[in-house]
Every structure is written in C-alpha cells, then in structure tokens.
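Okay, structure first, notes after.
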Amino acid sequence: MAALLERKLVTGRVYCPICTHTVEADLAPVERGLTRTMKVLPGQKCGRCSGLLDAAYILDVSAPLRG
C-alpha cells in the first residue's frame, strides 16, 4: 500500500471552510519522517463557492487518479 501512494496524485473529498460543503479535490502524499500524510494540492478552488481549498480538511481518500 505504501508503494502505491508514492508520488501519485489521488482524488478525495475535502471540507471547504468557506461554504461548509464537502467537495472533490486532488491530494498528494507527503512524507514527514516516519509518518505519511495527505495534503491538498495548492491553488485548487471549491466547485461551489470558488474559495481556495488550501486550508481544507481531508475527509476521505479515493483510489489513485493519475501518476
């Protein structure tokens, strides 16, 4: 599973802090020492309110989108 997520973009559901809805966004894995986390790719906008998703909370991660 760890090798699957290396250097791959995945899609997931994130919580938009501006309009308080759940929307789709592209995510990338980030390695920090021994832990692996996911991060919303910067510059993406919410499909509902056009607010930036840089500070969005990640709710769910789906299968690899492209790599």
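The values are calculated or read from the model by the stated rules, or taken from the named source; none is laboratory data. As the structure is a prediction and not an experimental result, all values here were calculated from the model. Virtual Cβ from ideal backbone geometry, glycine too; neighbours counted across all protein chains shown.
Here are some notes:
- If the condition is being part of a strand (DSSP E or B), of a type in the set (S, T, N, Q), modelled with pLDDT of 90 or more and farther than 13 Å from Ile58 by Cβ, then region 1-47 contributes no residue at all.
- Test for Ala55: is it at pLDDT 85 or above and touching a Pro at 6+ places or on another chain (Cβ under 7 Å): yes
- Residues (over 13 Å from the mean Cα position of the chain (by Cα) and assigned to a loop (DSSP other than H, G, I, E, B)) located in region 48-67: Arg48, Cys49, Ser50, Gly51, Gly67
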